[in-house]
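**Q** This is the structure, below, for whatever I ask next.
The values are calculated or read from the model by the stated rules, or taken from the named source; none is laboratory data. Being a predicted model, the structure only gives us computed values, none of them experimental. Quick reminder, even Gly has a Cβ in these numbers, built from the backbone with ideal geometry, and neighbours come from all protein chains shown. What goes into the accessible areas is simple: the full protein's heavy atoms, side chains included, and nothing from ligands, DNA or RNA. Shrake-Rupley method; radii C 1.70, N 1.55, O 1.52, S 1.80 Å.
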Amino acid sequence: MSRPPIVILTALDLEYQAVQEKLVDPRPRRHPQGTRFEVGRLAGGRCPIVLAHVGKGNQAAAVLAERAINTFAPAALLFVGVAGALHSHVALGDVVVATHVYAFHGGTSEDDGFKSRPRVWETPHVVDQIARHIDRDGSWKRGLSAHDRGPEVHFGPIAAGEVVLNSKVSVHALWIREHYNDAQAVEMEGAGVAQAAHLNRSLPVVVVRGISDRADGTKEDTDRERWQQRAVANAAAFAVSLAEELSAEAQDDDRRTTETRRPTMPETIRNVAKGNARVGVQAGTVYGGIRITPEPVPPTDLAEALAGFRTRLQRARAGGHLDDDTYTAAEAELTVADKALESDTPQSRGTLTLALKKLRGLIGDVAELAAELAIIIGLAQGLS
Ligand SMILES: Nc1nc2c([nH]c(=O)n2[C@H]2C[C@H](O)[C@@H](COP(=O)(O)OP(=O)(O)OP(=O)(O)O)O2)c(=O)[nH]1
């Protein structure tokens with residue numbers, strides 16, 4: 001079972017570069033709409049990473065997050081970048097991991113002033129627990145260049161708006177202090193990414209930010225002192241450790257689901273076979289060097305099976321088991337099959353079977369996919 005990918009989004013070139021440096025053998029993947037993703041693996045790790053540059057702002061971040069989710073079916077989404085600190089205990093170079101993201105610009109403008117209409121997305125519990133474990137473990141700091149003090153990791157809310165905040169006394173600064181007082185850092189993309197993940201069956205998302213200024217009017221100075229590069233290197237180091245753990249966890253979850261679906265066998269087996277009946281192995285407990293491969297539970301609903309197969313196809317591509325051209329051709333056949341299934345006429349049933357057979361020719365080299373498709377073809381043939 002191959003590991004599901006983790007998508008990492010970045011806004012600035014220096015953020016992209018900081019993550020890209022962690023990838024082994026990154027390969028470009030061009031989306032039909034022109035977005036260039038890069039897919040690689042972490043050095044010494046097994047998790048496929050999909051990296052993208054989304055530019056500044058929540059809107060672009062949301063659209064491209066949606067695109068990445070649809071294309072790669074990741075196990076989780078991370079945003080890695082820089083941010084300004086909102087409290088004095090959060091120092092330059094520290095890492096802030098969002099427990100919540102506040103979209104701090106929501107509100108209503110009334111005669112007696114602007115009223116807050118907060119929106120907030122919470123980081124899923126399981127992901128938060130993994131991130132805290134990585135912080136306690138501390139091994140994510142290996143490989144960081146030696147500083148006077150190692151960066152600290154802070155867990156807390158992040159405020160994401162539509163402006164670069166570079167003042168302690170501006171309207172925006174006062175607004176955040178009054179209504180989002182526990183926010184640790186401020187940035188411009190977290191809300192867009194969180195919204196996109198929420199709209200995709202609440203896919204786990206984590207915003208990881210390195211602090212490169214104090215959001216207090218000194219941003220130009222700290223930028224000149226290259227705090228952006230230093231801060232994002234720390235955020236990237238933390239994020240890739242997190243990605244590796246998240247992918248491993250998702251794989252374990254997949255395995256557990258497969259195992260709980262397997263019917264359990266009682267310890268004592270009574271053989272009820274009679275006459276010339278053929279009997280395989282019936283055993284409650286088996287000792288010795290026996291390898292057992294769990295048999296997948298065959299799908300019964302064709303539409304669901306096709307949707308599941310599309311996800312598997314995306315993962316096979318993200319994991320490097322299918323090249324781009326084969327993937328595109330296979331996806332096209334799957335779309336033909338989907339449409340034919342919707343029409344449900346005698347003619348469309350023929351189209352459906354033909355599309356699935358062409359698909360079989362395309363993915364035949366990937367054993368896992370071929371086995372699953374054989375079951376789907378059986379289901380489709382059962383329709384006619
Ligand atoms: N360090 C820091 N990063 C911030 C702040 N606000 C903010 O949105 N970010 C994050 C999210 C944005 O993607 C990006 C904006 O930072 P930037 O350095 O590009 O800001 P800017 O537009 O003023 O920079 P420039 O291109 O004019 O030099 O950094 C902040 O106050 N401090």
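**Q** Can you pull out the residues in the range 144-173 that are open to solvent by 50 Å² or more (accessible area, probe 1.4 Å) and in contact with a Lys or Arg (Cβ under 9 Å, 6 or more places away or on another chain)? Break it down into steps so the answer makes sense when it comes.
**A** Step one: list which residues in the range 144-173 are open to solvent by 50 Å² or more (accessible area, probe 1.4 Å), which gives 145-149, 152, 162, 164, 166, 168-169, 171-172.
The answer is S145, H147, V164, N166, K168.
Results for (1) in contact (Cβ under 8 Å) with a residue 24 or more places away in the chain; (2) under 21 Å from the mean Cα position of the chain (by Cα); (3) in the same structural domain as K56 (by TED's automatic domain parsing); (4) open to solvent by 70 Å² or more (accessible area, probe 1.4 Å), shown as yes or no for each residue.
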site	(1), (2), (3), (4)
V97	yes, yes, yes, no
T108	no, no, yes, no
S116	yes, no, yes, no
D128	yes, yes, yes, no
S139	yes, no, yes, no
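**Q** Now for a different question. Of all residues in the range 181-190, how many are more than 21 Å from V19 (Cα to Cα) and open to solvent by less than 30 Å² (accessible area, probe 1.4 Å)? Lay out the reasoning, then the answer.
**A** Looking only at the range 181-190, we keep the residues that are more than 21 Å from V19 (Cα to Cα), and these are 181-184.
Then drop every residue that is not open to solvent by less than 30 Å² (accessible area, probe 1.4 Å), which leaves 183-184.
Qualifying residue count for the region: 2.
**Q** Taking the range 198-234 as the search range and keeping residues that are more than 11 Å from the ligand (Cβ to nearest atom) and of a type in the set (G, A, S), which one is most open to solvent (accessible area, probe 1.4 Å)? Quick ask: steps written out before the conclusion?
**A** First pass over the range 198-234, keeping only residues more than 11 Å from the ligand (Cβ to nearest atom): 198-206, 208, 221, 225-226, 229-230, 233-234.
The next check asks that each one be of a type in the set (G, A, S); those that pass are 202, 233.
Working: S202: 71, A233: 41 Å².
Checking each candidate, the answer is S202.
**Q** Next question. Among the numbered criteria (1) within 16 Å of the ligand (Cβ to nearest atom); (2) exposed (fewer than 14 other Cβ atoms within 10 Å of the Cβ), which single criterion is violated by E178?
**A** (1)
**Q** A further question follows. Just give me the residues in the range 15-62 being part of a helix (DSSP H, G or I) and without any contact (Cβ under 8 Å) to a residue 12 or more places away in the chain, in sequence order.
**A** Residues of the range 15-62 that are part of a helix (DSSP H, G or I), as a first pass: 15-20, 58-62.
Selection gives Q17 alone.
**Q** Inside the range 116-136, can you point out the residues that are modelled with pLDDT under 95 and more than 18 Å from H198 (Cβ to Cβ)?
**A** Matches in the range 116-136: S116 only.
**Q** Only residues that are within 16 Å of the ligand (Cβ to nearest atom) and farther than 30 Å from A367 by Cβ: list them for the range 2-23, please.
**A** Our first condition is that a residue be within 16 Å of the ligand (Cβ to nearest atom); within the range 2-23, this holds for 8-19.
Once the filter is applied, which keeps residues that are within 16 Å of the ligand (Cβ to nearest atom) and farther than 30 Å from A367 by Cβ, the range 2-23 yields L9, T10, A11, L12, D13, L14, E15, Y16, Q17, A18, V19.
**Q** Specify the residue that is farthest from E244 (Cα to Cα); the eligible residues are those in the range 140-191 that are outside any helix (DSSP H, G or I) and aromatic (F, W, Y). Working first, answer last.
**A** Of the residues in the range 140-191, the ones outside any helix (DSSP H, G or I) are 142-170, 180-189.
Those still in the list that are aromatic (F, W, Y) too: 155, 180.
Values: F155: 19, Y180: 32 Å.
My answer is Y180.
**Q** Follow-up. L23 versus (1) at pLDDT 95 or above; (2) buried (at least 19 other Cβ atoms within 10 Å of the Cβ); (3) within 15 Å of the chain's Cα centre (by Cα): which is the lone unmet condition?
**A** All conditions pass for L23, except number (3).
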